[in-house]
1. Hey, with R₀ at 41 Å, roughly what FRET efficiency would residue 61 and residue 106 work out to, going by the Cβ-Cβ distance, to 0.05?
2. Would you mind ranking 78, 34 by Cβ crowding within 10 Å, fewest neighbours first?
3. Tell me, what does the Kirkwood hydrodynamic radius of the chain come to in angstroms if you use every pair of distinct C-alpha atoms?
4. Give me the base-10 log of I(q)/I(0) for segment 26-71 at each q in 0.13, 0.17 Å⁻¹, Debye formula, one uniform scatterer per Cα, rounded to two decimals.
């Protein structure tokens, strides 16, 4: 019972910025292309070109989706020459995504 009260108190205390970030995170995870990109990044970093090739997407599509994910701090990047390499940046969200995938695949 005490744990339920703590969860309820946290939910009632959410400020508008937290609500916005939570809603944007779920928005990010509601898009099939972004889910595909994030699941590819489970195993490590990939260049934009590699992501586009592996997922059969246009580079511009991948760049657009990565920008959205980067703004939410769900992915991070590093530059090497003219290439950008992306990896996931939030283990909490990756765990949530993995659990959701497992839930969807559970029979």
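1. Here the calculated transfer efficiency is 0.85.
2. 78, 34
3. 15.3
4. For the requested q values the scattering log ratios are -0.23, -0.40.
Laboratory data are not the source of any read-out in this text; all were calculated from the coordinates shown. Predicted model, so just to flag it, every value in this text is computed and none were measured. No Cβ is skipped: glycine too gets one built from the backbone with ideal geometry, and neighbour counts run over all protein chains shown.
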